[in-house]
1. Placing +1 at every Lys and Arg Cβ and -1 at every Asp and Glu Cβ, with all other atoms neutral, what dipole size does the stretch 87-129 have around its Cα centre, in debye to the nearest 20?
2. Over the stretch 72-125, what relative contact order in percent results from Cα pairs under 8 Å that are six or more residues apart?
3. At residue 121 and residue 103, where each label point lies 7 Å from the Cα along Cα→Cβ, what is the point-to-point distance in nanometres?
4. Determine the shape class of the stretch 72-125: with a ≥ b ≥ c the square roots of the Cα gyration tensor eigenvalues, call it rounded for a/c under 1.5, and otherwise prolate if a/b is greater than b/c, oblate otherwise.
5. Determine which lysines satisfy two conditions relative to residue 124: a Cα distance under 30 Å, and not lying fewer than 8 residues away in the same chain.
6. From the residues 101, 117, 86, which one has its Cα farthest along the dipole of the stretch 72-125 in the positive direction, the dipole being from +1 and -1 charges on Cβ of Lys/Arg and Asp/Glu about the Cα centre?
7. How far, in nm, would the chain grow between residue 67 and residue 25 when pulled straight, counting 0.36 nm per residue and subtracting the alpha carbon separation?
8. Report ³J(HN,Hα) in whole Hz for each residue of the stretch 88-97, in order, from the Karplus equation J = 6.51 cos²θ - 1.76 cosθ + 1.60 where θ = phi - 60°; Gly and Pro get x.
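What follows draws every value from the coordinates through simple rules; no lab data is involved. Note that the structure is a prediction, hence the values are computed from the model and not measured. Cβ coordinates were reconstructed from backbone atoms using ideal geometry, including for glycine residues, and neighbour counts include every protein chain displayed.
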Amino acid sequence: MFASPQEMFALFESSLCSAAADEGQFDPVLRYIDANLAKELRISELADRFHFSPSYFSTLFHKHVGTTFTKYLTRKRMEHAAQLMADKRLTLSEIAEQCGYADYFHFNKTFKRFYAVSPGQYRKNSGAAGGAI
């Protein structure tokens, strides 16, 4: 029936990935990530929390979301940061911390790469002035 054991395992794995994604079993993972953007999130810890091996979790994540865990997490954090810019009471450092960046300079570099402007310039351009570092 199967040409090799690898073919059998590949078919088994793809059916598991499809079933898990189709049944919405991965939605709690995405909700957890979205609710914990300020925390340090590691793929190995998420895999353990949701009872997957890290490699299977990574495969399942990519199949379900269409991108890697790191790219998804960065996008969600940057979108959250952009939303927080409207709150003039928050400093840029506070926004960085609320988005999971303990190091403001790493946040600044990532934000610049994502939006092509610095957080300060983004805030200034969006009319939400204020927020010293």
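1. Values: 7 positive and 4 negative charges, 48 e Å.
Roughly 240 debye for the stretch 87-129.
2. On the way: 36 pairs, mean separation 15.5, N = 54.
Worked out over the stretch 72-125, it gives 29 percent.
3. Going from the residue 121 label point to the residue 103 one covers 2.2 nm.
4. On the way: a/c = 1.33, a/b = 1.13, b/c = 1.18.
Rounded.
5. Qualifying lysines at Cα under 30 Å: 39, 71, 76, 88, 109, 112.
6. 117
7. Values: separation 42, 0.36 × 42 = 15.12 nm, distance 1.74 nm.
Here the answer is 13.4 nm.
8. Once rounded to whole Hz, the list reads 5, 6, 8, 7, 5, 5, 5, 4, 4, 4.
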